[in-house]
Amino acid sequence: MTKILVDLGKCQGYANCVVAAPDIFDLGDSGKVDLLEAAVADDRLADVREGVRSCPAAALTLEETAS
């Protein structure tokens with residue numbers, strides 16, 4: 001499994017992550033990213049990696065965890 005880490009201090013609410021993986025990322029009432037799932041299964045990893053990569057504020061990172 002892979003864990004998603006969010007730096008809300010960096011998040012600017014661009015929502016690129018939401019476009020890439022709307023079942024994982026959402027924008028909350030604050031206009032910043034909310035994680036719908038903090039740990040991602042391997043079959044969803046490609047979309048999540050795209051969401052992390054496309055964040056212009058670099059507010060998202062991935063951390064590999066032991067299964």
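The values are calculated or read from the model by the stated rules, or taken from the named source; none is laboratory data. Since we're looking at a predicted model, the values are computed, not measured. When we count neighbours, we look across all protein chains shown, and the Cβ atoms used for this are built from the backbone with ideal geometry, even at glycine.
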(request) Please work out which residue is nearest to Lys10 (Cα to Cα), limiting yourself to region 29-60 and to residues that are modelled with pLDDT of 95 or more and of a type in the set (Lys, Arg). (result) Lys32
(request) List the strands (runs of 3 or more DSSP E) that sit entirely inside the chain and contain at least 3 residues that are surrounded by fewer than 14 Cβ atoms within 10 Å (Cβ to Cβ). (result) 60-64
